[in-house]
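Beneath this line is the structure, given in structure tokens, with notes to follow.
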Amino acid sequence: MRRKSHRYRFQLLHEWLVSHYAPQKAADVGGGKGLLAYLLIQSGWDVTVIDPAPQILPRTFKNLQKVRTTLNIDKRGQINRIDKPFEIDMAMDYQMLMGLHSHGSNLKIIDACAKYKKNFILLPCCVIDEPIEIKADINWLESLVIYAEEKGFKVGREMLGFKGQDTIIYSL
Ligand SMILES: C[S@@+](CC[C@H](N)C(=O)[O-])C[C@H]1O[C@@H](n2cnc3c(N)ncnc32)[C@H](O)[C@@H]1O
């Protein structure tokens with residue numbers, strides 16, 4: 001299968017999430033501008049972006065059919081944001097924590113989900129700001145899987161089909 005540009009990561013993850021889970025209350029940790037949250041809210045989810053850097057949604061995006069789509073102005077203003085760094089106890093309020101290329105929060109998301117018995121969906125890219133020792137013979141993704149398994153999770157993985165690091169790891 002020909003892989004899409006990484007710019008479609010939100011659309012592909014949205015499609016994957018709605019085909020695997022019922023709408024639910026979720027947090028997008030390190031959610032950036034909030035496009036994933038916007039798409040999920042359109043699908044009936046209740047999503048909050050947790051990200052210390054205040055950012056605003058784009059006015060348009062291309063859907064998976066490459067059609068440029070204007071965001072619904074009312075919905076743009078409706079995205080809940082917590083403009084603070086993610087902390088473990090924030091997990092209490094959600095059923096699922098997502099981290100799409102989220103910086104410095106992957107291990108904390110797993111810790112939070114273990115503590116509060118929540119589901120996680122992670123699409124890790126790099127090890128920036130993570131409290132982990134980098135070992136030459138173990139890659140970052142495998143380290144996260146091992147870390148989650150040691151916390152008692154069974155971990156699934158799937159590839160979303162975009163260029164770059166497109167593997168999702170998630171609690172089963
Ligand atoms: C590479 S960007 C990814 C943004 C978005 N998910 C995407 O895929 O475009 C990483 C994001 O993590 C956020 N971030 C950094 N430290 C964080 C923290 N401690 N808690 C939550 N988000 C954080 C940054 O502000 C940034 O928006």
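Read the figures in this text as sums done on the coordinates, not as results from a lab. Only a predicted model underlies this, so the values are computations on that prediction, with no experimental measurement involved. A quick note on method: Cβ atoms are made from the backbone with ideal geometry, for glycine too, and the neighbour counts reach across all protein chains shown.
Key figures for this structure:
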read-out	value
Calculated log₁₀ intensity ratio I(q)/I(0) where the Debye formula runs over C-alpha points of region 1-121, q = 0.11, 0.14, 0.16 Å⁻¹	-0.35, -0.57, -0.74
Radius 11 Å from Cβ of THR69, net charge of other residues (Lys, Arg +1; Asp, Glu -1)	+4
Net charge dipole size for region 6-171 [Lys, Arg +1 and Asp, Glu -1 on Cβ; Debye, nearest 20]	780
Stretch in the chain that is longest and holds no GluC sites (Glu not before Pro) that DSSP places in a loop and that have at most 14 other beta carbons within 10 Å	1-86
Value of relative contact order over region 6-171, rounded to a whole percent, pairs C-alpha under 8 Å and six or more apart	21
Local electrostatic count, ASP166, Cβ distance below 10 Å [Lys/Arg +1, Asp/Glu -1]	+3
Cα-based equivalent ellipsoid, region 68-171: semi-axes from gyration tensor eigenvalues, Å	25, 18, 13
Dimensions (Å) - region 39-108, Cα atoms, principal axes, largest first	38, 22, 22
Residue-averaged 222 nm ellipticity for the chain, from DSSP H runs of 4+ at -39500 (n - 2.57), nearest 500	-7500 deg cm²/dmol
Where trypsin sites (Lys or Arg not before Pro) fall in DSSP loop in region 11-112, at most 12 other Cβ within 10 Å	ARG59, LYS66
Charge sum, other residues only, whose C-beta stays under 11 Å from TRP16's C-beta, Lys/Arg counted +1 and Asp/Glu -1	-2
